[in-house]
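A short worksheet on the structure shown next.
The values are calculated or read from the model by the stated rules, or taken from the named source; none is laboratory data. Bear in mind the structure is a predicted one, so any value in this text is a computation, not a measurement. Here Cβ is always computed from backbone atoms with ideal geometry, including for glycine, and neighbour counts include all displayed protein chains.
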Amino acid sequence: MAADQAAGGPDGPAVTGPAPLRLALWQPEARDETPAERLARLDAAMAALDGGADLVLTPELFLTGYNAGAAAAAERPYGPSARAAAAIARRHRTALVLGYPERADDGVAISALCLGPGGETLADYAKRRLMSDDERAAFRPGSVPGLIEVAGWRVGLLICWEVVVPEDVRALARAGAGAVVVPTALRRQRAVVARAVVPARAFENGVAVALANHAGREGDWDYLGESVVCGPDGRDLARGGAGEEMVLAAVDPGAPAAAWRGGCPLAELDRSQGGPAAAGAMVGHAPVAGG
(Lines give C-alpha, C1' and ligand atoms only; values in the text may rest on other atoms or scores of the structure.)
Protein backbone atom coordinates (compact mmCIF):
# COMPACT_ATOMS: atom_id res chain seq x y z
CA MET A 1 0.00 0.00 0.00
CA ALA A 2 1.24 3.42 -0.88
CA ALA A 3 0.73 4.99 2.53
CA ASP A 4 0.99 2.32 5.20
CA GLN A 5 2.13 4.03 8.38
CA ALA A 6 2.79 2.26 11.66
CA ALA A 7 0.52 3.29 14.51
CA GLY A 8 2.03 6.13 16.45
CA GLY A 9 4.52 7.05 13.72
CA PRO A 10 5.05 10.64 12.63
CA ASP A 11 2.34 10.42 9.99
CA GLY A 12 -0.20 8.60 12.14
CA PRO A 13 -1.69 5.11 11.93
CA ALA A 14 -3.89 5.34 8.84
CA VAL A 15 -3.51 2.86 6.00
CA THR A 16 -4.59 4.58 2.80
CA GLY A 17 -4.42 3.70 -0.87
CA PRO A 18 -2.58 5.54 -3.64
CA ALA A 19 -5.72 7.37 -4.75
CA PRO A 20 -8.70 9.10 -3.11
CA LEU A 21 -11.29 6.81 -1.55
CA ARG A 22 -14.48 7.49 -3.50
CA LEU A 23 -17.49 7.00 -1.25
CA ALA A 24 -21.15 6.88 -2.29
CA LEU A 25 -23.80 6.96 0.44
CA TRP A 26 -27.21 5.65 -0.67
CA GLN A 27 -29.96 7.56 1.16
CA PRO A 28 -33.21 5.87 0.09
CA GLU A 29 -36.70 7.22 0.66
CA ALA A 30 -38.56 4.91 3.05
CA ARG A 31 -41.12 2.81 1.18
CA ASP A 32 -43.17 -0.31 1.80
CA GLU A 33 -41.04 -2.59 -0.38
CA THR A 34 -39.74 -6.13 -0.44
CA PRO A 35 -35.99 -6.74 -0.11
CA ALA A 36 -35.89 -7.53 -3.83
CA GLU A 37 -37.51 -4.18 -4.66
CA ARG A 38 -35.07 -2.32 -2.41
CA LEU A 39 -32.14 -4.06 -4.07
CA ALA A 40 -33.48 -3.23 -7.53
CA ARG A 41 -33.61 0.45 -6.60
CA LEU A 42 -30.06 0.25 -5.23
CA ASP A 43 -28.91 -1.47 -8.42
CA ALA A 44 -30.31 1.38 -10.52
CA ALA A 45 -28.70 4.00 -8.31
CA MET A 46 -25.33 2.24 -8.56
CA ALA A 47 -25.67 1.98 -12.33
CA ALA A 48 -26.04 5.76 -12.45
CA LEU A 49 -22.65 6.08 -10.73
CA ASP A 50 -21.06 4.47 -13.80
CA GLY A 51 -18.12 3.14 -11.82
CA GLY A 52 -17.52 6.44 -10.04
CA ALA A 53 -17.28 4.99 -6.53
CA ASP A 54 -15.01 2.57 -4.72
CA LEU A 55 -17.54 1.80 -1.99
CA VAL A 56 -21.31 2.23 -1.71
CA LEU A 57 -22.71 2.42 1.83
CA THR A 58 -26.36 1.71 2.61
CA PRO A 59 -28.26 2.59 5.82
CA GLU A 60 -28.82 0.42 8.89
CA LEU A 61 -31.25 -2.41 8.11
CA PHE A 62 -31.57 -1.09 4.56
CA LEU A 63 -32.88 -4.41 3.29
CA THR A 64 -36.06 -4.30 5.40
CA GLY A 65 -36.26 -0.83 6.93
CA TYR A 66 -35.51 -0.28 10.59
CA ASN A 67 -39.03 0.33 11.88
CA ALA A 68 -40.84 -2.22 9.73
CA GLY A 69 -40.53 -5.57 11.50
CA ALA A 70 -36.88 -6.12 10.61
CA ALA A 71 -36.32 -8.99 13.05
CA ALA A 72 -39.23 -10.99 11.61
CA ALA A 73 -37.83 -10.53 8.07
CA ALA A 74 -34.27 -11.58 8.96
CA GLU A 75 -32.33 -13.81 6.58
CA ARG A 76 -29.61 -16.35 7.15
CA PRO A 77 -26.10 -15.23 6.16
CA TYR A 78 -25.43 -15.60 2.45
CA GLY A 79 -29.10 -16.12 1.72
CA PRO A 80 -31.02 -14.94 -1.38
CA SER A 81 -30.67 -11.21 -0.70
CA ALA A 82 -26.97 -11.49 0.09
CA ARG A 83 -26.40 -13.39 -3.15
CA ALA A 84 -28.37 -10.75 -5.08
CA ALA A 85 -26.33 -7.98 -3.45
CA ALA A 86 -23.11 -9.78 -4.35
CA ALA A 87 -24.25 -9.88 -7.97
CA ILE A 88 -24.91 -6.12 -7.85
CA ALA A 89 -21.45 -5.40 -6.44
CA ARG A 90 -19.89 -7.62 -9.09
CA ARG A 91 -21.91 -6.08 -11.92
CA HIS A 92 -20.81 -2.55 -11.01
CA ARG A 93 -17.30 -3.55 -9.85
CA THR A 94 -17.90 -1.60 -6.65
CA ALA A 95 -17.57 -2.60 -3.00
CA LEU A 96 -20.88 -2.55 -1.13
CA VAL A 97 -21.88 -2.39 2.54
CA LEU A 98 -25.39 -3.81 2.89
CA GLY A 99 -27.40 -3.17 6.07
CA TYR A 100 -29.63 -6.16 6.84
CA PRO A 101 -31.12 -8.25 9.69
CA GLU A 102 -29.06 -11.44 10.03
CA ARG A 103 -30.66 -14.56 11.45
CA ALA A 104 -28.48 -17.02 13.36
CA ASP A 105 -29.17 -19.91 15.71
CA ASP A 106 -28.87 -17.63 18.75
CA GLY A 107 -31.10 -14.83 17.45
CA VAL A 108 -31.13 -11.91 15.01
CA ALA A 109 -28.36 -9.35 14.62
CA ILE A 110 -28.30 -5.88 13.07
CA SER A 111 -25.57 -6.55 10.51
CA ALA A 112 -23.58 -4.99 7.71
CA LEU A 113 -22.51 -7.37 4.97
CA CYS A 114 -19.37 -6.04 3.28
CA LEU A 115 -18.86 -7.16 -0.29
CA GLY A 116 -15.84 -6.55 -2.49
CA PRO A 117 -15.98 -5.33 -6.10
CA GLY A 118 -15.94 -8.93 -7.29
CA GLY A 119 -18.90 -9.82 -5.08
CA GLU A 120 -16.67 -11.56 -2.56
CA THR A 121 -17.43 -11.31 1.16
CA LEU A 122 -15.01 -9.08 3.03
CA ALA A 123 -16.78 -9.19 6.40
CA ASP A 124 -20.18 -9.67 7.98
CA TYR A 125 -20.21 -7.23 10.87
CA ALA A 126 -22.88 -7.41 13.59
CA LYS A 127 -23.71 -4.35 15.70
CA ARG A 128 -22.18 -4.79 19.15
CA ARG A 129 -23.81 -1.94 21.06
CA LEU A 130 -27.58 -2.26 21.21
CA MET A 131 -28.53 1.11 22.62
CA SER A 132 -32.21 0.84 23.56
CA ASP A 133 -34.52 -1.55 25.37
CA ASP A 134 -36.37 -2.18 22.09
CA GLU A 135 -33.15 -3.16 20.30
CA ARG A 136 -32.03 -5.40 23.13
CA ALA A 137 -35.40 -7.15 23.11
CA ALA A 138 -35.39 -7.79 19.35
CA PHE A 139 -31.71 -8.35 18.53
CA ARG A 140 -28.59 -10.00 19.91
CA PRO A 141 -25.27 -8.13 19.93
CA GLY A 142 -22.24 -8.99 17.86
CA SER A 143 -18.81 -9.44 19.39
CA VAL A 144 -16.21 -9.03 16.64
CA PRO A 145 -14.90 -5.65 15.44
CA GLY A 146 -15.06 -4.69 11.78
CA LEU A 147 -12.07 -3.74 9.65
CA ILE A 148 -11.82 -4.29 5.90
CA GLU A 149 -9.65 -3.12 3.02
CA VAL A 150 -11.10 -1.35 -0.02
CA ALA A 151 -9.08 0.24 -2.85
CA GLY A 152 -5.94 0.05 -0.72
CA TRP A 153 -7.60 1.81 2.23
CA ARG A 154 -8.20 0.26 5.62
CA VAL A 155 -11.84 0.96 6.45
CA GLY A 156 -13.47 0.53 9.85
CA LEU A 157 -17.09 -0.51 10.36
CA LEU A 158 -19.55 0.68 12.98
CA ILE A 159 -23.36 0.73 13.02
CA CYS A 160 -25.48 3.68 14.10
CA TRP A 161 -25.13 4.60 17.78
CA GLU A 162 -21.67 3.01 17.99
CA VAL A 163 -20.23 6.15 16.38
CA VAL A 164 -21.35 8.08 19.45
CA VAL A 165 -18.94 6.06 21.61
CA PRO A 166 -15.52 7.79 21.37
CA GLU A 167 -13.57 4.65 22.20
CA ASP A 168 -15.04 2.70 19.28
CA VAL A 169 -13.83 5.14 16.62
CA ARG A 170 -10.54 5.61 18.45
CA ALA A 171 -9.87 1.86 18.43
CA LEU A 172 -10.44 1.64 14.68
CA ALA A 173 -8.15 4.64 14.07
CA ARG A 174 -5.43 2.99 16.13
CA ALA A 175 -5.94 -0.20 14.11
CA GLY A 176 -5.04 1.74 10.97
CA ALA A 177 -8.42 2.79 9.59
CA GLY A 178 -8.19 5.85 7.35
CA ALA A 179 -11.98 5.94 7.08
CA VAL A 180 -14.86 4.66 9.20
CA VAL A 181 -18.22 3.90 7.57
CA VAL A 182 -21.45 3.86 9.58
CA PRO A 183 -24.87 2.66 8.41
CA THR A 184 -27.56 4.31 10.54
CA ALA A 185 -31.32 4.72 11.02
CA LEU A 186 -31.30 8.21 12.46
CA ARG A 187 -34.49 10.05 13.36
CA ARG A 188 -34.88 13.82 13.29
CA GLN A 189 -34.73 14.14 17.07
CA ARG A 190 -31.20 12.69 16.95
CA ALA A 191 -29.91 15.19 14.39
CA VAL A 192 -27.02 16.06 16.71
CA VAL A 193 -25.35 12.78 15.73
CA ALA A 194 -25.06 13.72 12.05
CA ARG A 195 -24.46 17.40 12.63
CA ALA A 196 -22.08 17.40 15.60
CA VAL A 197 -20.97 13.93 16.69
CA VAL A 198 -19.76 12.66 13.30
CA PRO A 199 -17.60 15.76 12.62
CA ALA A 200 -16.21 15.50 16.15
CA ARG A 201 -15.25 11.82 15.77
CA ALA A 202 -13.51 12.56 12.47
CA PHE A 203 -11.58 15.49 13.95
CA GLU A 204 -10.70 13.70 17.19
CA ASN A 205 -9.15 10.73 15.41
CA GLY A 206 -7.84 12.14 12.14
CA VAL A 207 -9.98 9.80 10.04
CA ALA A 208 -12.82 10.28 7.56
CA VAL A 209 -16.24 9.26 8.90
CA ALA A 210 -19.18 8.46 6.62
CA LEU A 211 -22.75 8.08 7.92
CA ALA A 212 -25.47 6.70 5.60
CA ASN A 213 -29.08 7.27 6.69
CA HIS A 214 -32.62 6.66 5.48
CA ALA A 215 -34.92 9.47 4.30
CA GLY A 216 -38.64 10.04 4.63
CA ARG A 217 -41.11 8.43 7.01
CA GLU A 218 -41.50 4.78 8.08
CA GLY A 219 -44.42 4.15 10.39
CA ASP A 220 -44.00 6.61 13.25
CA TRP A 221 -40.31 7.17 12.45
CA ASP A 222 -39.37 10.42 10.74
CA TYR A 223 -35.89 9.92 9.33
CA LEU A 224 -33.44 12.80 9.27
CA GLY A 225 -31.66 12.04 6.00
CA GLU A 226 -28.49 14.17 6.04
CA SER A 227 -26.10 11.36 5.19
CA VAL A 228 -22.65 12.86 5.58
CA VAL A 229 -18.96 12.33 4.92
CA CYS A 230 -16.59 14.29 7.14
CA GLY A 231 -12.90 14.51 6.34
CA PRO A 232 -10.14 13.86 8.87
CA ASP A 233 -10.17 17.56 9.79
CA GLY A 234 -13.83 17.29 10.86
CA ARG A 235 -15.16 19.35 7.95
CA ASP A 236 -17.95 18.18 5.66
CA LEU A 237 -16.83 16.70 2.37
CA ALA A 238 -20.46 16.09 1.41
CA ARG A 239 -23.82 16.22 3.18
CA GLY A 240 -27.21 15.13 1.93
CA GLY A 241 -30.57 16.77 2.32
CA ALA A 242 -33.86 15.35 3.56
CA GLY A 243 -34.84 13.28 0.51
CA GLU A 244 -33.62 10.34 -1.53
CA GLU A 245 -30.19 10.81 -3.07
CA MET A 246 -26.73 9.36 -3.54
CA VAL A 247 -24.24 11.43 -1.53
CA LEU A 248 -20.76 11.44 -3.09
CA ALA A 249 -17.38 12.34 -1.63
CA ALA A 250 -13.71 11.54 -2.21
CA VAL A 251 -11.26 11.35 0.69
CA ASP A 252 -7.73 12.46 -0.18
CA PRO A 253 -5.16 9.75 0.62
CA GLY A 254 -2.91 12.27 2.33
CA ALA A 255 -5.64 13.72 4.54
CA PRO A 256 -5.38 11.33 7.53
CA ALA A 257 -1.59 11.79 7.75
CA ALA A 258 -1.99 15.56 7.44
CA ALA A 259 -4.51 15.56 10.29
CA TRP A 260 -2.13 13.50 12.40
CA ARG A 261 0.80 15.83 11.71
CA GLY A 262 -1.46 18.80 12.38
CA GLY A 263 -2.15 17.60 15.90
CA CYS A 264 -5.52 15.87 15.88
CA PRO A 265 -6.55 15.09 19.49
CA LEU A 266 -5.73 11.36 19.21
CA ALA A 267 -2.23 12.19 17.96
CA GLU A 268 -1.67 14.60 20.83
CA LEU A 269 -3.03 12.10 23.34
CA ASP A 270 -0.71 9.36 22.11
CA ARG A 271 2.30 11.69 22.00
CA SER A 272 1.63 12.83 25.54
CA GLN A 273 1.60 9.20 26.66
CA GLY A 274 4.70 8.23 24.73
CA GLY A 275 2.84 6.20 22.12
CA PRO A 276 -0.63 4.76 21.46
CA ALA A 277 -2.33 2.96 24.30
CA ALA A 278 -3.42 -0.62 23.71
CA ALA A 279 -6.57 -0.62 21.63
CA GLY A 280 -7.79 -3.73 23.41
CA ALA A 281 -10.38 -6.19 22.22
CA MET A 282 -11.95 -3.67 19.83
CA VAL A 283 -9.04 -3.97 17.41
CA GLY A 284 -8.88 -6.71 14.81
CA HIS A 285 -10.36 -7.97 11.59
CA ALA A 286 -13.92 -9.17 11.28
CA PRO A 287 -13.86 -12.81 10.22
CA VAL A 288 -14.57 -13.58 6.59
CA ALA A 289 -16.96 -16.46 6.09
CA GLY A 290 -19.11 -17.75 3.30
CA GLY A 291 -18.68 -16.53 -0.25
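Key figures for this structure:
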| read-out | value |
| --- | --- |
| Residue selected from segment 202-234 under the condition more than 25 Å from residue 189 (Cβ to Cβ) and not aliphatic (A, V, I, L, M), by the criterion surrounded by the fewest Cβ atoms within 10 Å (Cβ to Cβ) | 233 |
| Residue ID - surrounded by the most Cβ atoms within 10 Å (Cβ to Cβ), chosen from residues in segment 114-141 that are among the aliphatic types (A, V, I, L, M) and in contact with a strand residue (DSSP E or B) (Cβ under 9 Å, 6 or more places away or on another chain) | 115 |
| Residues (under 25 Å from residue 263 (Cα atoms) and either in a loop (DSSP other than H, G, I, E, B) or aromatic (Phe, Trp, Tyr) (or both)) located in segment 233-253 | 233, 234, 235, 252, 253 |
| Check on residue 83, surrounded by fewer than 24 Cβ atoms within 10 Å (Cβ to Cβ), touching a residue at least 12 places away in the same chain (Cβ under 8 Å), out of contact with any helix residue (DSSP H, G or I) (no Cβ under 6 Å at 6 or more places or on another chain) and not in a strand (DSSP E or B) | no |
| Test result for residue 90, over 26 Å from residue 165 (Cβ atoms) and either part of a strand (DSSP E or B) or charged (D, E, K, R) (or both) | yes |
| From the options 150, 144, 97, residue that is at pLDDT below 95 and closer than 25 Å to residue 206 by Cβ | 144 |
